[in-house]
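Reading through the structure tokens given below for one structure.
The values are calculated or read from the model by the stated rules, or taken from the named source; none is laboratory data. In this text, all values refer to a predicted model and were calculated from it rather than measured experimentally. For neighbour counting, all protein chains shown are included, and Cβ atoms are generated from backbone atoms with ideal geometry for every residue, glycine included. When the accessible area is computed, the model is the full protein with side chains, heavy atoms only, and any ligands, DNA or RNA have been set aside. Shrake-Rupley method; radii C 1.70, N 1.55, O 1.52, S 1.80 Å.
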Amino acid sequence: MRILNFGSLNVDHVYRVERFVQPGETAAARSLRLFAGGKGLNQSVALAAAGAQAFHAGAVGADGEFLVELLRDRGADVSLIRRLDVPTGHAIIQVEDSGQNCILLYGGANRQIPPEQMEDALSRFGKGDLLLLQNEINGNRFLMERAFDLGMEIALNPSPMDGAVRELPLEKVSWFLLNQGEGQALTGEQAPDRILEAMARRWPDSRTLLTLGRQGSVLWDGDRIWRQGIYDTPVADTTGAGDTFTGYFLSGVASGEPMDRCLELASKASALAVSVPGAAGSIPTRDQVLRADLRPLK
């Protein structure tokens with residue numbers, strides 16, 4: 001199964017802070033570092049690192065060429081990325097000493113992808129392939145409807161969550177990849193099992209993977225519920241952990257691995273990712289994941 005990830009490409013400006021800046025407050029950052037990022041880019045890096053046949057489609061401005069080079073270097077196909085005469089998308093990220101983060105996004109080229117680029121990219125795929133989407137680009141409705149008509153499976157990670165997600169043709173989604181907050185926003189439920197039940201009632205033909213932070217993850221695959229814990233590693237930066245999980249999980253799905261193995265490798269990969277600062281640069285290779293001696297967090 002080939003995976004087409006039509007997603008964002010960002011330049012991440014990461015500020016290390018003692019605590020997040022509050023309304024009306026001016027505070028000094030301890031450091032500033034620039035990283036390649038964007039949920040789309042991170043997930044493509046993770047897909048390729050995990051061994052998937054990953055194609056990235058998206059857009060950058062003149063200032064984003066290094067993002068394309070990084071994707072190419074990490075093993076993703078970049079032939080479907082366009083250069084537009086607008087700034088590349090970017091993010092302002094505050095990271096506390098605890099490793100927690102908050103993120104402000106500017107869409108840039110990610111939000112100005114032309115329809116003809118979407119049609120051209122999708123025309124190269126079909127039945128047996130998978131389309132991966134997040135919520136950081138324009139045109140998701142068109143992409144979902146066209147991919148569905150082509151017989152592709154659709155995986156949706158609706159982050160950052162907003163009201164526009166509910167207007168999408170969600171009945172066409174094969175895989176929902178959600179954190180607990182996104183699950184609550186879609187269903188109105190708070191408890192993980194009740195979120196899964198509500199998702200199954202509302203979209204019975206879809207499967208839902210719910211990530212729960214330190215409580216691990218839980219998957220409803222249409223037949224049964226699978227649960228996976230997390231692994232004990234020092235936390236340097238949680239940016240990109242969810243994207244790492246998504247890429248590794250879908251890579252396993254694409255290669256036909258059992259669900260418990262998909263969840264295990266995704267959990268180990270995300271544990272390694274949070275132990276390193278940054279997003280895309282922190283994503284481990286499959287060999288690193290397989291060689292890692294990790295203990296489940298009690």
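Filtered by the rule that a residue be assigned to a loop (DSSP other than H, G, I, E, B) and either loosely packed, with under 14 Cβ neighbours inside 10 Å or at positive phi (or both), the range 151-166 gives Gly151, Pro160, Asp162.
Looking only at residues of the range 98-114 that are polar (S, T, N, Q) and part of a loop (DSSP other than H, G, I, E, B), we find that the one that is modelled with the highest pLDDT is Gln112.
Any residue that is surrounded by fewer than 18 Cβ atoms within 10 Å (Cβ to Cβ), of a type in the set (A, V, I, L, M, F, W, C) and part of a loop (DSSP other than H, G, I, E, B) - is there at least one of those in the range 28-42? First the steps, then the outcome.
First, pick out the residues of the range 28-42 that are surrounded by fewer than 18 Cβ atoms within 10 Å (Cβ to Cβ): 28-34.
Restricting the remaining residues to those that are of a type in the set (A, V, I, L, M, F, W, C) gives 28-29, 32, 34.
If we keep only those that are part of a loop (DSSP other than H, G, I, E, B) as well, we get 28-29.
Checked the range 28-42: at least one residue is surrounded by fewer than 18 Cβ atoms within 10 Å (Cβ to Cβ), of a type in the set (A, V, I, L, M, F, W, C) and part of a loop (DSSP other than H, G, I, E, B).
Considering only residues that are in a helix (DSSP H, G or I) and of a type outside the set (A, V, I, L, M, F, W, C), which ones fall in the range 167-184? The answer is Glu167, Glu171, Lys172, Gln180, Gly181, Glu182, Gly183, Gln184. Counting the residues of the range 219-270 that are open to solvent by 40 Å² or more (accessible area, probe 1.4 Å), under 20 Å from Phe176 (Cβ atoms) and hydroxyl-bearing (Ser, Thr, Tyr) gives 0.
The residues of the range 198-228 that are assigned to a loop (DSSP other than H, G, I, E, B) and among the charged types (D, E, K, R), listed by number, are Asp205, Asp221, Asp223, Arg224. Could you tell me whether the range 2-11 includes any residue that is of a type in the set (D, E, K, R), on the phi < 0 side of the Ramachandran plot and either surrounded by 15 or more Cβ atoms within 10 Å (Cβ to Cβ) or in a helix (DSSP H, G or I) (or both)? Yes - at least one qualifying residue is present in the range 2-11. Among the residues of the range 185-218, the one identified as modelled with pLDDT of 95 or more, within 20 Å of Asp243 (Cβ to Cβ) and open to solvent by 50 Å² or more (accessible area, probe 1.4 Å) is Arg207. Screening Asp260 with (1) under 14 Å from Arg227 (Cα atoms); (2) under 17 Å from the mean Cα position of the chain (by Cα); (3) not basic (Lys, Arg) gives one miss only, at (2).
The condition (being in contact with a strand residue (DSSP E or B) (Cβ under 7 Å, 6 or more places away or on another chain) and open to solvent by less than 10 Å² (accessible area, probe 1.4 Å)) is satisfied by just one residue among Val60, Val45: Val60. Of all the listed residues (Gly99, Gly75, Gly24), the sole one being in contact with a Ser or Thr (Cβ under 8 Å, 6 or more places away or on another chain) and of a type outside the set (A, V, I, L, M) is Gly99.
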